[in-house]
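A short worksheet on the structure shown next.
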Amino acid sequence: MNSTNPLNNMTAVAFESRMADSTAQLLQRKGARAISAPSMQEVPLENHTAVFSFAEQLFDGNVDILICLTGVGTDMLVKTMKTKYDWENIHQALSGITVVSRGPKPAKALRKLEIPINIKVPEPNTWKELLESLADNELTSDLNGKLIAIQEYGEPNEKLNRELEARGAELLQTSIYRWALPDDLEPLKKGIRAILDRETDVVLFTSKTQVNHVMKVADIVASKEELRKALEEVVVASIGPVCSGGLESHGITVDFEPSRPKLAIFINEISEKLPKRIN
C-alpha cells in the first residue's frame with residue numbers, strides 16, 4: 001500500500017453538497033477516484049413569518065433560550081432580522097438571553113456577531129449531547145415554563161422537540177430554510193448509477209438528509225431496493241450518529257464512522273482503514 005496514496009485505484013462516491021469540492025479534493029489527495037454527487041441544496045424560505053415571530057417574542061422579553069443548530073442558519077436568522085430591525089436592538093436582545101450552540105459552526109457565527117454563547121454542546125453534537133448540556137447547566141437544568149426558540153435547519157428534529165416539551169418547555173420553532181434536491185440531478189444520478197453498476201469501493205454520507213434524497217432519486221434511476229442491495233457490496237461510511245441513524249432507518253448497514261465528525265478526519269480515517277478492510 002502506498003502511504004502517500006492509500007486509496008490508489010479505489011473509487012469513492014460522495015454525496016456532500018456544500019463542501020462537495022473540498023470532499024473531492026481530500027479524496028483525490030489520498031489517491032481515490034472521486035465521484036462527486038451533490039444531493040441537496042439550501043433553499044431560503046420566502047415567507048419569514050417564523051423569524052419575525054421569534055423577533056417579536058424576543059423583543060417582548062418572552063424568549064428564555066435560543067438554540068442555534070447550524071452556522072448558516074444562525075447567520076441567516078440574524079440577516080433576516082436585520083431587514084426589519086436595528087442591529088443594536090437585535091444584539092442587545094440576543095445578548096440578554098441564554099444562547100446555546102450545538103457545535104463549532106454556529107459558535108463561529110455567533111462569535112463573529114459578538115453574541116455571547118452560554119452553552120457549547122460537545123461532540124458529536126447530536127440532540128442527545130444537547131439535552132445533556134442543558135440538564136448539566138444551572139441556567140437550563142429546569143426547563144419548565146421556559147420558552148425555547150430553536151433555529152431549525154431543513155426539517156424539525158422531532159426527537160429533540162419531544163424531549164424538550166416533555167421537560168415542560170414551550171417551543172418556538174424558527175425555520176430559516178429547507179433542504180431541496182439540486183436543480184441539476186445528473187451528478188447525483190451518476191453517483192447512484194456508479195454504485196448500482198458495482199463501480200465503487202466506498203460511499204460517503206455526511207448528513208441524514210442526504211440519505212433521504214439519495215433514496216428518493218434511487219427510485220428514479222432504478223429502485224431503493226436495488227440501491228440497498230448494491231450498498232451491501234461496498235463500504236458505507238457515515239460521518240456520525242445522526243447520519244448513521246438515517247442510513248439504518250432505510251435498512252442500510254453502516255460500516256464505518258470516524259472518531260470525530262469532521263470532514264478531514266472522516267476522510268483521513270477512511271484512507272487509513274479502508275485499504276486494510278478491502279485487501
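The values are calculated or read from the model by the stated rules, or taken from the named source; none is laboratory data. Owing to the predicted nature of the structure, the values given are computational and were not obtained by experimental measurement. Here the Cβ positions follow ideal geometry from the backbone for every residue, glycine too, while neighbour counts run over all protein chains shown. All accessible areas refer to the heavy atoms of the entire protein, side chains included, with ligands and DNA or RNA removed. Shrake-Rupley method; radii C 1.70, N 1.55, O 1.52, S 1.80 Å.
One residue stands out in region 254-275 among those that are β-branched (Val, Ile, Thr) and in a helix (DSSP H, G or I): the one that is most open to solvent (accessible area, probe 1.4 Å), namely Ile265. Anything in region 175-223 that is modelled with pLDDT of 95 or more and charged (D, E, K, R)? List them, or say none. Asp183, Asp184, Glu186, Lys189, Lys190, Arg193, Asp197, Arg198, Glu199, Asp201, Lys216, Asp219, listed by residue number. Evaluate region 125-146: report whether one residue or more is in contact (Cβ under 8 Å) with a residue 24 or more places away in the chain, of a type in the set (Asp, Glu) and under 30 Å from Met40 (Cα atoms). For region 125-146, residues in contact (Cβ under 8 Å) with a residue 24 or more places away in the chain, of a type in the set (Asp, Glu) and under 30 Å from Met40 (Cα atoms): absent. Restricting attention to region 21-65, the residues being surrounded by fewer than 20 Cβ atoms within 10 Å (Cβ to Cβ), under 20 Å from Tyr153 (Cα atoms) and of a type in the set (Ser, Thr, Tyr) number 2. Pairs linking a residue in region 78-103 that is closer than 20 Å to Tyr177 by Cβ to a residue that is at pLDDT below 95 and small (Gly, Ala, Ser), with Cβ atoms under 6 Å and 6 or more positions apart or on different chains, do not occur. Within region 73-96, is even one residue more than 30 Å from Lys146 (Cβ to Cβ) and open to solvent by less than 20 Å² (accessible area, probe 1.4 Å)? No, every residue in region 73-96 fails to be more than 30 Å from Lys146 (Cβ to Cβ) and open to solvent by less than 20 Å² (accessible area, probe 1.4 Å). Among the residues of region 99-116, those identified as farther than 13 Å from Leu69 by Cα and open to solvent by 20 Å² or more (accessible area, probe 1.4 Å) are Arg111, Lys112, Leu113, Glu114, Pro116. Within region 118-150, being modelled with pLDDT of 95 or more, open to solvent by 40 Å² or more (accessible area, probe 1.4 Å) and acidic (Asp, Glu) holds for Glu132, Asp136, Glu138, Asp142. Against the test of being polar (S, T, N, Q) and in contact with a His (Cβ under 9 Å, 6 or more places away or on another chain), the options Thr83, Thr98, Thr174, Thr126 yield a single qualifying residue, Thr83.
Taking region 264-279 as the search range and keeping residues that are at pLDDT below 95 and among the aliphatic types (A, V, I, L, M), which one is nearest to Glu16 (Cα to Cα)? Among residues in region 264-279 that are at pLDDT below 95 and among the aliphatic types (A, V, I, L, M), the one nearest to Glu16 (Cα to Cα) is Leu274.
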